[in-house]
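Since the structure comes first, as structure tokens, the remarks are kept for the end.
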Amino acid sequence: MSRREYDESDVRVRPGRRGSRPRTKRRPEHADAEPAMVTTVDRGRWTCAPDADSTRPPVTAMRARELGRTPIVVGDRVGLVGDLSGAVDTIARIVRVEERATSLRRTADDDDPYERLVVANAELLVIVTAVADPEPRTGFVDRCLVAAYAGGLSPVLCLTKADLADPEVFAAPYRDLDLPVLVTRHDQPPTELAALLAGRVSALVGHSGVGKSTLVNAILPDAARAVGVVSGVGKGRHTTVAALALPLPAERGGGWVVDTPGVRSFGLAHVTPDDVPAAFDDLAAAIEDCPRGCGHLGPPADPECALDELVGKGQLRPARLAALRRILVTLRRSPGEQAPPDGGDTRDGGTLLP
């Protein structure tokens, strides 16, 4: 028997565990990614509503590896690839997060440097407050207003349970800010609120028990959101445990309503005094003439504030400036600190739930 001659073709090299392919920072462009909006977030999975067809089922997606730890929240505009059928046990990938038009942010408290993004791309922030049971808190509403102005959202004050007390007592101080104030009752449909929300992405915030889920059920009967009760100590039970975007009927103009978990207050460590007046068209230019570090509170704290000059020239109503400065005082108080006696409220603001 002759001995076989071997050559290089007979050699087989077993690859190591790590590939020999050179690494690259180039990522696929995913030009075919389908646009969608995030509607819920749950333990590393995102439910998304594709833009192409509103009748399609929602798509469950995971975050693509190349996005790393990029935060993705309800309201985010994203790009999806993979299985977009929405069938059971299928999963797509989020490969892109679009730039946010607005962002509702909060911190755990006023000393916490870590910002938490609550809702993205909402046009309106509807601050839901009961006029009684539980008692309304100006400190909480003021903090919501600051967060809205800083994030680019247009705030709306919605007063519920108007059948229990006169809503104007609480609403009056906010009208000088040209803030839309809506009033609802349990025995009447919220038609004015429904018309305002049509065609927009809106976020609802409020203490537990003030009636957020009741409003959602009235506007969207098919939503069937759980409704809680107010305890004997005036605190509501949390019935919404995670933010959820619900679609409004197309025949009424479409849009989305984001129902958020019950809130006790916002930490405002991420907000500066300039963020609040800068949100008003008639004040944004004026504060550019303020000295550096101006808190816009007026004398004696800020004797050279340019906003006082506007009042002197008749270009700004004194009541409007007073209302604005009451909001700015909120930035100087911690969430649990009592409001000053002239603020008309001695109740605290608390902490926003995740």
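The values are calculated or read from the model by the stated rules, or taken from the named source; none is laboratory data. Everything quoted here is computed from the prediction, not taken from an experiment. Here Cβ is always computed from backbone atoms with ideal geometry, including for glycine, and neighbour counts include all displayed protein chains. The protein model used for the area step is the full one, side chains on, heavy atoms only, and it has no ligands, DNA or RNA in it. Shrake-Rupley method; radii C 1.70, N 1.55, O 1.52, S 1.80 Å.
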Conditions (1) open to solvent by 30 Å² or more (accessible area, probe 1.4 Å); (2) more than 26 Å from Gly209 (Cα to Cα) -> Arg116 fails only (2)
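Let's see how each residue does on (1) out of contact with any Phe, Trp or Tyr (no Cβ under 7 Å at 6 or more places or on another chain); (2) at pLDDT 95 or above; (3) at positive phi; (4) among the charged types (D, E, K, R):
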residue: Gly68; (1), (2), (3), (4): yes, no, yes, no
residue: Val88; (1), (2), (3), (4): yes, no, no, no
residue: Ala92; (1), (2), (3), (4): yes, yes, no, no
residue: Thr107; (1), (2), (3), (4): no, no, no, no
residue: Asp110; (1), (2), (3), (4): yes, no, no, yes
residue: Tyr114; (1), (2), (3), (4): yes, no, no, no
By residue number, the members of region 182-224 that are β-branched (Val, Ile, Thr) and over 19 Å from the mean Cα position of the chain (by Cα) are Val183, Thr184, Thr191, Thr214, Ile219
*What do you reckon, is Phe170 in contact (Cβ under 8 Å) with a residue 40 or more places away in the chain and within 25 Å of Ala278 (Cβ to Cβ)?*
no
(message) Just checking, does region 281-297 include any residue being at pLDDT below 90 and not basic (Lys, Arg)?
(response) yes
Given (1) touching a strand residue (DSSP E or B) at 6+ places or on another chain (Cβ under 6 Å); (2) modelled with pLDDT of 95 or more; (3) surrounded by fewer than 22 Cβ atoms within 10 Å (Cβ to Cβ); (4) not basic (Lys, Arg), Thr102 misses just (1)
Of Ala150, Ala165, Ala172, the only residue that is at pLDDT below 95, open to solvent by 20 Å² or more (accessible area, probe 1.4 Å) and within 25 Å of Ala101 (Cβ to Cβ) is Ala150
Residues of region 125-141 being among the aliphatic types (A, V, I, L, M) and crowded, with 21+ Cβ neighbours inside 10 Å, in sequence order, are Leu125, Val126, Ile127, Val128, Ala130, Val131, Val141
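Here are Ala278, Ala323: which of them is open to solvent by 20 Å² or more (accessible area, probe 1.4 Å), under 22 Å from Gly139 (Cα atoms) and either among the hydrophobic types (A, V, I, L, M, F, W, C) or assigned to a helix (DSSP H, G or I) (or both)?
When all the criteria are applied, what remains is Ala278.
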Only one of Val258, Val311, Val271 is touching a helix residue (DSSP H, G or I) at 6+ places or on another chain (Cβ under 6 Å) and within 21 Å of Val118 (Cβ to Cβ), namely Val271
Of Thr107, Thr90, the only residue that is within 17 Å of the chain's Cα centre (by Cα) and among the hydroxyl-bearing types (Ser, Thr, Tyr) is Thr107
